[in-house]
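Each remark here refers to the structure printed beneath this line.
The values are calculated or read from the model by the stated rules, or taken from the named source; none is laboratory data. Here the structure is a predicted model, which is why all the values come from computation and not from measurement. Using ideal geometry, Cβ is built from the backbone for each residue, glycine included, and neighbour counts are taken over all protein chains shown. What goes into the accessible areas is simple: the full protein's heavy atoms, side chains included, and nothing from ligands, DNA or RNA. Shrake-Rupley method; radii C 1.70, N 1.55, O 1.52, S 1.80 Å.
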Amino acid sequence: MMSLHLSKNALIVLRKRYLKKDSRGRVAETPMEMFARVAGNIASADLLYNPRADVESTRQAFLRIMTQLNFLPNSPTLMNAGRETQQLSACFVLPVEDSLVSIFEAVKQTALIHQSGGGTGFSFSRLRPRNDRVLSTSGIASGPVSFMRVFNMATEVIKQGGTRRGANMGILRVDHPDIVEFIKVKQNSFELTNFNLSVAVTDEFMRAVESGKDYALINPRTGQQVKRVRASKLFDLIVESAWRSGEPGLIFLDRINRDNPTPRLGAIEATNPCGEQPLLPYESCNLGSINLARLLDRKGKKVVLDEKKLAEVIRLGIRFLDNVIDLNHYPLPPIEQITKGNRKIGLGVMGFADLLIEMGIPYESQEALDMAERIMKFIQQRAWEHSEELAKERGGFPNFAGSVFDRPGGRHPRNATTTTIAPTGTLSIIAHCSSGIEPLYAVSYVRTAMDKVRLVETHPLFLKMAKRYKFWNRKVIKAITASESIQEIREIPKDIRELFVTAHDIHPEFHARMQAAFQRYTDNAVSKTVNFPTTAKPQDVRSAFLLAYREGCKGITIYRSGSREHQILACTDPQYC
């Protein structure tokens, strides 16, 4: 019989957000029943391809990898699989064309997606700029930012499926005439609070930044140049705003489209809310994450990654995510059409920092970068192999013709993409592991989740080592709860301090290098925050942006500690912060 061992905080999260509730709002299922509900529902998709499929074996396999916390699907799948809504995708991109009808149609579609538990991304680059002519009314346009406020307000009043507040990504091309207003808008902390913002920059713009040349701003309605600006000055404005408020981030648009698997269907203009999933208009994607910390094996005194076990989780994860596509209830017909046409999935990882600690590898080291590349290369190769196996069994993705695979000797996969590195915020609480590929935020911290529920967490591996090496005492307890870093606590042995480096101990450039290491073997993109201490200067942010571009990242998001009024993570005792 399968057993399930969950942390106290995991149980809080599950009861608050994931478990079924009755008509009076009382929890109506156990965590084991939730996993069984999801496993049974997703396994049933096998019958669509083979009426005699051994669904029970698949169900047991899916249940095993979830209850062992080796793999978890994205939150909407855990919440909704086997329930009335059956909306299983986390990521959506909606088009916003330059007409009032299109804009408010997109607002309506956003409401439906948020209600069902998904997040939305938009490019507002097609909207005419502020003060441009509106021929039909002889009036003047109010510009993209004004319409983003409408989306923001709609999101504010819609609770996602009764479980999550809506999330949006707003993107504007760097050559849009209203780009300065867009860059500055979130310096006011009350503006666009339900949006993450990113500037879509092109290779042409980045070359102009590095060479000190001017850059044209183009009216998207007419295609005509409005004026020329110094690219380096505009870049510095982005840097200054990101330094002040953490936004906007950057999306490297040309790099994303070089990896667009279905260019015949159009260019990618936007991503999901956290930036790791570039998508075509109306496209959706479902994600899942492998908990690397659970896939370790001890060989004598050495801890190693169990590649055999990892390969099995990859195989089951790819099948699980492909099944989700067929069982999903899509909010809109165009979303179903293109999602089933491309069958994009995104298998990623969490628990990477925990894996490094267990293996005795400092996060800020070349050995850690090499490990990141080795792990993700292994996952990507196996993911494509299993996608091709599924294609032999079920057929390739319908939009294969004209795709990047449609050439002599090319792959014939079931899915247009297979890998994505997601942030795994609440999933990592359930799995009791470090988030995504991030380093530890702190050894002990308060995580604010789910409508301001405060979850106190102290890293279990640190507790284990502290007790083993007998440095767990009142002074150490007080010190670690007062600070994000333990590097100045001399009671803790140096080799332990080196293992438990936190986000702000790590040089920002190394954050970018780690993101790039995973990106080299990720089909879609990588969610990673480049953390800066409060004392960081704008020039530090500029350097990180340029490095991310040169290193091959598809985007970058930075956060300077204390630059926002509300933080998701904070040290345990705020009076010491």
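Please report the accessible area of LYS344 (heavy atoms, 1.4 Å probe, ligands and nucleic acids excluded) in Å², nearest 10.
0 Å²
In segment 29-171, what % of DSSP beta bridges are antiparallel (nearest 5)?
Once the DSSP bridges in segment 29-171 are tallied, antiparallel ones form about 35 percent.
Accessible area of ASP178, 1.4 Å probe, to the nearest 10 Å²?
20 Å²
What base-10 log of the normalised intensity I(q)/I(0) is obtained for segment 257-303 from the Debye formula, alpha carbons as equal point scatterers, at q = 0.18, 0.23 Å⁻¹?
-0.65, -0.86
For the chain, what log10 I(q)/I(0) values come out of the Debye formula at q = 0.12 1/Å, with one point per alpha carbon and no solvent?
Log-scaled intensity ratios, in q order: -1.24.
Taking the DSSP beta bridges in the chain as the whole, what percent of them are antiparallel, to the nearest 5? Each step should come with its number before you reach the end.
On the way: 32 of 62 bridges.
Taking every DSSP beta bridge within the chain, about 50 percent pair in antiparallel fashion.
Based on the alpha-carbon gyration tensor of segment 1-98 and its eigenvalue square roots a ≥ b ≥ c, which shape applies: rounded if a/c is under 1.5, prolate if not and a/b is larger than b/c, or oblate?
On the way: a/c = 1.71, a/b = 1.04, b/c = 1.64.
Note, shape of segment 1-98 comes out oblate.
If amide hydrogens are placed 1.01 Å from N in the peptide plane, which non-local residues have theirs closer than 5 Å to the one on THR419?
Excluding prolines and chain starts, which carry no amide H, the hits are LEU347, ASP523, ASN524.
Zone of LEU47 (label point 7 Å along Cα→Cβ, backbone N under 19 Å): which residues in segment 78-98?
Under 19 Å, as judged by backbone N against the label point of LEU47, lie 81-87 of segment 78-98.
Using a basic spin-label model with each label point 7 Å from the Cα along Cα→Cβ, how many nm lie between ALA216 and GLN366?
4.5 nm
Order of 261-269, 504-512, 350-358 by packing, highest average Cβ count within 10 Å first? Walk me through the intermediate numbers first.
Details: 261-269: 18.1, 504-512: 20.3, 350-358: 25.6.
Descending mean neighbour count gives 350-358, 504-512, 261-269.
Antiparallel versus total DSSP beta bridges in segment 265-405: what percent is that, nearest 5? Don't jump to the answer; show the numbers that get you there.
Numbers: 6 of 12 bridges.
Looking only at bridges with both residues in segment 265-405, the antiparallel portion is about 50 percent.
Cβ neighbours within 10 Å, averaged per peptide: list 210-217, 114-121 in order, most packed at the top. Numbers along the way, then the final one.
Values: 210-217: 14.4, 114-121: 25.4.
The packing order, highest mean first, is 114-121, 210-217.
Could you give the distance between the Cα centres of segment 367-437 and segment 280-325, to the whole Å?
Using only Cα atoms, the two centres lie 10 Å from each other.
Evaluate the distance, in nm, between pseudo-label points positioned 7 Å from the Cα of ALA267 and of SER138 along their respective Cα→Cβ axes.
Simple spin-label model gives 3.6 nm for this pair.
How big is the dipole moment of segment 379-507 about its Cα centre under a simple scheme where the beta carbon of each Lys and Arg is +1, that of each Asp and Glu is -1, and everything else is neutral? Debye, nearest 20, please. Could the numbers behind the result be given before it?
Numbers: 19 positive and 14 negative charges, 124 e Å.
Magnitude of the dipole: close to 600 debye.
Taking 26 Å as the cut-off for C-alpha to C-alpha distance, list the pairs among LYS301/LYS528; LYS16/LYS184; LYS186/LYS344; LYS377/LYS528; LYS302/LYS494 that go past it.
Details: LYS301/LYS528 32 Å; LYS16/LYS184 36 Å; LYS186/LYS344 32 Å; LYS377/LYS528 18 Å; LYS302/LYS494 20 Å.
Long pairs (Cα-Cα over 26 Å): LYS301/LYS528; LYS16/LYS184; LYS186/LYS344.
In terms of the Cα gyration tensor, with a ≥ b ≥ c the square roots of its eigenvalues, is segment 130-281 rounded because a/c is under 1.5, prolate because a/b exceeds b/c, or oblate?
Numbers: a/c = 1.37, a/b = 1.22, b/c = 1.12.
Here segment 130-281 falls in the rounded category.
If I ignore ligands, DNA and RNA and count only protein heavy atoms, how much of THR534 is accessible to a 1.4 Å probe, in Å² to the nearest 10?
Its heavy atoms expose roughly 80 Å² to the probe.
Please give the per residue accessible area of the chain, computed with a probe of 1.4 Å over protein heavy atoms only, in Å². Can you show the working numbers first?
Working: 23730 Å² over 577 residues.
Per-residue value: 41 Å².
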